[in-house]
1. Wholly within segment 259-348, which helices (runs of 4 or more DSSP H) include no fewer than the required count, namely at least 3 residues that are modelled with pLDDT of 90 or more and either under 29 Å from VAL218 (Cβ atoms) or of a type in the set (A, V, I, L, M) (or both)?
2. For segment 15-74, give me the residue count where each residue is within 20 Å of GLU142 (Cα to Cα) and acidic (Asp, Glu).
3. Does segment 196-205 include one or more residues that are over 15 Å from ALA161 (Cα atoms), part of a loop (DSSP other than H, G, I, E, B) and away from the ligand (no atom under 16 Å from the Cβ)?
4. Quick check on my filter: what residues within segment 134-151 are within 24 Å of the chain's Cα centre (by Cα) and charged (D, E, K, R)?
5. List the pairs whose first member sits in segment 79-106 and is of a type in the set (D, E, K, R), whose second member is assigned to a helix (DSSP H, G or I), and whose Cβ atoms are under 7 Å apart, counting only residues at least 6 apart or on separate chains?
6. Can you tell me which of (1) within 16 Å of the ligand (Cβ to nearest atom); (2) buried (at least 22 other Cβ atoms within 10 Å of the Cβ) is the one PRO119 doesn't meet?
7. Please work out which residue is farthest from the chain's Cα centre (by Cα), limiting yourself to segment 45-55 and to residues that are closer than 17 Å to ALA98 by Cα and near the ligand (Cβ under 8 Å from one of its atoms).
Amino acid sequence: MRHFIDTQDFTKAELMSLLELTGLLKAADRQRALPPLLAGASLGMIFEEPSTRTRISFEVAMTKLGGHALYLKPGEIHLGVRESLKDTARVISRMVDAIEARTLKHATVTELARYATVPVINGLTDYNHPTQVLCDVFTMLEHRPKDKALEDLHVTFVGDATNVCSSLMMICTRMGMNFTHCAPKRYQAPEAWQAIARANCAVSGGTFTVSEDPPAAVAQADFVYTDLWWWVGQEAEIPDRTAAFMPRYQINEALLAHAPAHARFMHCLPASRGVEVTDAVMDGPRAIIYDQSENRLHAEKAILVAFIGPHLTPRSPELSQWHAGRIADFLKHHPLTETPSPAVQEKV
Ligand code: CP
């Protein structure tokens with residue numbers, strides 16, 4: 001059983017095929033001609049944290065593909081409370097065709113995958129966000145300069161080493177792209193992540209650079225990317241983080257003036273306008289943030305089709321008809337479907 005938990009679990013060719021499938025499904029959807037590839041399938045969606053893009057994109061993707069998604073929230077289902085994760089994973093697996101999970105701890109999603117008997121898709125953890133970055137690379141392919149191949153592209157991430165930064169670093173270096181992380185030393189990617197990125201480059205031919213100099217880091221960038229400087233639970237660090245990042249690492253027009261004219265601005269969203277990025281950049285001509293958000297929908301469709309599709313038994317109209325007849329025959333003689341006795345009818 002393969003899960004979609006970390007892009008490191010996939011080869012460049014496998015990731016490329018997901019990107020190509022994303023393109024096919026987007027084109028079909030745009031023409032309102034998407035085949036019901038997941039007819040009758042169900043996706044259980046576990047969210048330990050709030051979500052706009054991930055929740056909506058997965059739910060709409062399932063509906064558009066002919067399936068169905070269930071929103072499962074802690075407090076409404078047993079998730080490691082009153083029931084072990086092992087049992088929850090095994091039980092949910094008996095009723096749905098895949099599980100999408102946004103969990104506070106990365107270990108929770110890997111534990112779910114360990115015991116699930118259906119594919120588990122990582123919808124963001126404290127370590128990474130693989131569905132986001134698959135969509136990001138797809139968006140980069142759509143907006144790349146026409147004379148550049150994927151491997152020529154340079155992505156500069158300016159800001160905190162978030163879970164999105166981690167995933168972007170991994171997928172770009174795995175695909176043979178050029179990736180720079182620019183942040184104050186204290187907020188740079190941990191050495192363990194950097195080691196994975198460098199190992200990817202050794203195989204893929206990509207490059208990985210760390211920088212503390214934003215103007216120099218964006219000078220070669222085709223895409224300048226940022227993320228929040230702090231997240232829920234890091235409120236006590238806001239003064240320190242603001243002092244470290246502001247104003248040098250903020251994405252504003254002055255910083256983007258150092259980037260090539262064709263460079264585009266990306267953000268996974270949600271964004272703190274006026275903090276890590278200005279309104280002028282968010283609303284300006286370089287921003288491709290809403291294309292990025294829309295592409296979550298198309299990339300989720302590709303992931304769902306690739307991971308659920310192979311496990312669905314092909315539907316045979318003859319077999320469905322045979323079962324329909326058998327059930328109809330049974331129901332003709334079922335006590336609950338028989339006409340009520342005169343005494344019961346009188347009461348009604
Ligand atoms: N980018 C992203 O994952 O957004 P949500 O938190 O709204 O899902």
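1. Numbers: elements: 279-282, 289-308, 317-332, 342-347.
Correct list: 279-282, 289-308, 317-332.
2. Selection size over segment 15-74: 2.
3. Taking every residue of segment 196-205 in turn, at least one turns out to be over 15 Å from ALA161 (Cα atoms), part of a loop (DSSP other than H, G, I, E, B) and away from the ligand (no atom under 16 Å from the Cβ).
4. First, pick out the residues of segment 134-151 that are within 24 Å of the chain's Cα centre (by Cα): 134-144, 149-151.
Result: ASP136, GLU142, ARG144, GLU151.
5. Within 7 Å, the pairs are LYS86/TYR115; ARG90/TYR115; ASP97/ILE308; ASP97/HIS311; GLU100/PHE58; ARG102/THR54.
6. (1)
7. Looking at the filtered set, the residue picked out is ARG55.
One line per residue, one yes/no per condition, for (1) in contact (Cβ under 8 Å) with a residue 60 or more places away in the chain; (2) in the same structural domain as LEU168 (by TED's automatic domain parsing); (3) under 30 Å from SER320 (Cα atoms):
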site	(1), (2), (3)
LEU18	yes, no, no
ALA28	no, no, yes
GLN31	no, no, yes
SER42	no, no, yes
PHE47	yes, no, no
PHE58	yes, no, yes
ALA61	yes, no, yes
GLY67	yes, no, yes
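The values are calculated or read from the model by the stated rules, or taken from the named source; none is laboratory data. It should be emphasised that the depicted structure is a prediction, and the values quoted were computed from it without experimental measurement. A quick note on method: Cβ atoms are made from the backbone with ideal geometry, for glycine too, and the neighbour counts reach across all protein chains shown.
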